[in-house]
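Step one of this worksheet: look at the structure below.
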Amino acid sequence: MEWSDALSIGIPEIDDQHRTFVELLNRLAALSGEPAASRRDLRVLLADLVTYAEHHFVAEEERMLATGYPRAAEHAAIHDAAARSIHDLLIRDADEVELYGFLGTFLKRWLVTHIMGEDMEFGDWLRRTAPADRCA
């Protein structure tokens, strides 16, 4: 998967963080092509994803609260559900097939859907309601 301007919500800090998620997806694709990839390698990638997701979710939610975004609480609940799904998989003894399936689904479907939906809505709202310097 490659970053595309279609995924840009117009907030540089958040767009940069979303690019990092795309990089994680590409790491997964590279790892899945390695015959020696182990469950440990996948768990390391999953742990990286959890850590980064938590960092990103906090930064995005803080931005929403600071700008008075009316759907901030709803958006935080969506983030919480995604984080719980990742944590649940991490603590279970999932096999490689399940780990690849989950990571592929999360990073491809959930992330793109989330960016193109909820995050894009926030970016649009911020551009309509805030001075241009608050989008930067």
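Please treat every number below as a calculation from the coordinates, not as lab data. Note that this is a predicted model, so its numbers are computed, not measured. All Cβ positions, glycine included, derive from the backbone under ideal geometry; neighbour counts span all protein chains shown.
Modelled label-to-label distance, residue 95 and residue 127, 7 Å Cα→beta-carbon offset: nm?
4.7 nm
With r defined as the distance between the Cβ atoms of residue 1 and residue 71 and R0 fixed at 35 Å, what FRET efficiency is calculated, to the nearest 0.05?
Efficiency for this residue pair is about 0.85.
Quickly estimate the mean residue ellipticity at 222 nm for the chain, helices only: each DSSP H run with n ≥ 4 gives -39500 (n - 2.57), and the total goes over all residues, rounded to 500.
-22500 deg cm²/dmol
Order these by the 10 Å Cβ neighbour count, fewest first: 51, 67.
Neighbour counts put them in this order, fewest first: 51, 67.
Specify, per residue and in Å³, the volume enclosed by the convex hull of the alpha carbon atoms belonging to the chain.
In the chain, the Cα hull volume divided by residue count equals 90 Å³.
Sequence gap at least 6, Cα distance under 8 Å: using those rules, report the relative contact order of the chain to the nearest whole percent. Please report the intermediate quantities before stating the final value.
Values: 86 pairs, mean separation 56.9, N = 136.
So the answer I get is 42 percent.
Report the longest stretch of the chain that contains none of the trypsin sites (Lys or Arg not before Pro) sitting in a DSSP loop with at most 15 other Cβ atoms within 10 Å.
1-70
So how tilted is helix 12-32 from the main axis of the chain? Cα-based, degrees 0 to 90, rounded to 10.
With rounding to tens, the tilt is 10 degrees.
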